[in-house]
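Here the structure is laid out as structure tokens; the discussion comes afterwards.
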Amino acid sequence: MSTHTAFTTLQDPIAAAALSDAMEALDPTPMGVGTFEVEDGSGTWEVAGYFIDAPDIAGLALLAHIHGAQDFAVSKLDDRDWVAQVRRELSPVHAGRFVVHGGHDTAQVPPHKIGLRIEAAMAFGTGHHGTTLGCLLSLDRLIRMGFCPARVADIGSGTGVLAMAAASIWPGRTLASDVDPIAVSTARANCRANGVGPRVRCLVSVGFQHPDLRHSGPYDLIFANILANPLKLMARDMGLNTRSGARIILSGILNRQAKSVLAVYRGHGFTLDHHRRIGEWSTLTLIRNHARPI
């Protein structure tokens, strides 16, 4: 069985979403379509489709023209077990007291560490990326400081690794949400595999739109490992859904974007607690002030 990929880019996020929807109507139908913002600060969006059978080249060209995208780059992938390859190549990641690992590396977790088992799947967040690693190290710092939240939320949870890390330390219930149903399903399975399923509720939600997220607050700790622009748009809701003295851990932020993200959050009742840089990525830990958010 062969797998084919089709990639294109465009500048308009609304057009990118429309193009992604239109690709679902192609024949043969793609087995998956994704839309992602390129993480270089250029405002470019990438639309990708994955096909079991060779895609309709003419149909892709027409869709690209209609939606103002670049011509699709279509490639045929050689036959291999991609998930098995990822499992072989992803080594355990050590982040303070946490070790993120695949099931094949369970024996490599030291007995005094907390293992977070994440299998290769169609969702982001294995701990190898500087953003996830930054969030875990920032969480470890809060734990060492004696911070003990009663209510925790992970917005844009991906594999659920941050929610699982929190649930492995604190007994309260954690809510984990993502816009992608595949990510939510993956997070739910990972939580069960790590024995924290009863303490982590996984939801499909855009930001805080799900009623359970709104009604379960205000929160003492919120993770949001997304991207700079969505984080800015979420700042007001972060202020409204956190109590005084709460911490929020934000990542998916390029180092050069950190100042502008912090400026927006200062306008909504937050001050900087800690700024962690890993490579080109920043992770911000912010404190919710006593002042009421704007």
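Here is a yes/no grid of residues against (1) over 22 Å from T159 (Cβ atoms); (2) touching a strand residue (DSSP E or B) at 6+ places or on another chain (Cβ under 7 Å):
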site	(1), (2)
F223	no, yes
A228	no, yes
L240	yes, no
G252	no, yes
R266	yes, no
I278	no, no
L286	yes, yes
Scope region 237-294; condition touching an Asp or Glu at 6+ places or on another chain (Cβ under 7 Å) and either modelled with pLDDT of 95 or more or under 24 Å from G146 (Cβ atoms) (or both); matching residues
R243, A246, R247, T285, L286, I287
Does G207 satisfy the condition of being at positive phi and of a type outside the set (D, E)?
yes
All but one of (1) free of Cβ contacts under 8 Å to residues at least 40 places away in the same chain; (2) touching a strand residue (DSSP E or B) at 6+ places or on another chain (Cβ under 6 Å) hold for I155; which doesn't?
(1)
Of these, G172, G207, G197, which one is in the same structural domain as L139 (by TED's automatic domain parsing), free of Cβ contacts under 8 Å to residues at least 60 places away in the same chain and in contact with a Cys (Cβ under 6 Å, 6 or more places away or on another chain)?
G197
The correct count of residues that are out of contact with any helix residue (DSSP H, G or I) (no Cβ under 8 Å at 6 or more places or on another chain) and in contact (Cβ under 8 Å) with a residue 40 or more places away in the chain in region 175-188 is 4
Residue identified as assigned by TED's automatic domain parsing to the domain that holds I249, crowded, with 24+ Cβ neighbours inside 10 Å and farther than 22 Å from D237 by Cα among A153, A165:
A165
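The values are calculated or read from the model by the stated rules, or taken from the named source; none is laboratory data. These figures come from a predicted structure and were not determined experimentally. Neighbour counts are summed over all protein chains in view; Cβ atoms, including those assigned to glycine, are modelled from backbone coordinates with ideal geometry.
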